[in-house]
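Take a look at the structure below.
The values are calculated or read from the model by the stated rules, or taken from the named source; none is laboratory data. The structure presented is a predicted model; accordingly, all values stated were derived computationally and were not measured. With ideal geometry, Cβ positions are generated from the backbone for all residues, glycine too; neighbour counts draw on all protein chains shown.
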Amino acid sequence: MTILLSPVPMAARAKLDIRAGDTVRVSLKIEEKGKTRLQAFEGLVIAVKHGKEMGGNFTVRKVASGVGVEKTLPIYSPSIEKVEVLRRSKVRRSKLYFIREKVAREISRKMRNMRVLGREEVEEEVEEAAEEAAVEAAEAIVEAEVAPAEASAESEETPAEEKKED
């Protein structure tokens, strides 16, 4: 007589060879409004704690919409449908917590470059706008100077022309 203590296939989970540095896809069972659906969480395993014993956990990290998301999942959790190892990377550490800071540094470096580029672009646009405004102002000044001169020339020419015609 075998007693089933867990709805999890224990032998299959014990055979899982999850290590730090693996890229895994974990299919999680999620219940919404009485229905159960599967949702995949794909990321890098940054830590495995307590191996394959009953209290064993593994931490998976992914970047979603520019924000780092980590999930610590029990190996024998009934909410896990399956775990697929997609890639295996050679790592020299058992815990890859430094990835958090490394990614943050890279993002901040990119943001720093974006800010510099942003300033230069804004400065170029301001300079172009200033040049256009200066050209328009110069044209307006020229038109303002030419218009009265033309008007005075026309007024001066009109009586002179009238005198010559008489």
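Would a scan of the range 66-80 turn up a residue that is of a type in the set (Gly, Ala, Ser) and modelled with pLDDT of 90 or more?
Checked against the condition, which is being of a type in the set (Gly, Ala, Ser) and modelled with pLDDT of 90 or more, the range 66-80 yields no hits at all.
Residue by residue through the range 9-31, note down the ones that are assigned to a strand (DSSP E or B) and either in contact with a Ser or Thr (Cβ under 8 Å, 6 or more places away or on another chain) or without any contact (Cβ under 8 Å) to a residue 60 or more places away in the chain (or both).
Asp22, Thr23, Val26, Ser27, Leu28, Lys29, Ile30, Glu31
In the list Val85, Val146, Val122, which residue meets the criterion of being at pLDDT 70 or above and surrounded by 10 or more Cβ atoms within 10 Å (Cβ to Cβ)?
Val85
Taking the residues in the range 52-65 that are under 27 Å from the mean Cα position of the chain (by Cα) and at pLDDT 90 or above as candidates, determine which candidate is nearest to Lys15 (Cα to Cα).
Phe58
Could you check the range 49-94 and list, in sequence order, the residues that are touching a residue at least 60 places away in the same chain (Cβ under 8 Å) and either within 21 Å of Arg105 (Cα to Cα) or not hydrophobic (A, V, I, L, M, F, W, C) (or both)?
Hits for the range 49-94 are Tyr76, Ser77, Pro78, Glu84, Arg87, Arg88, Ser89, Lys90, Val91, Arg93, Ser94.
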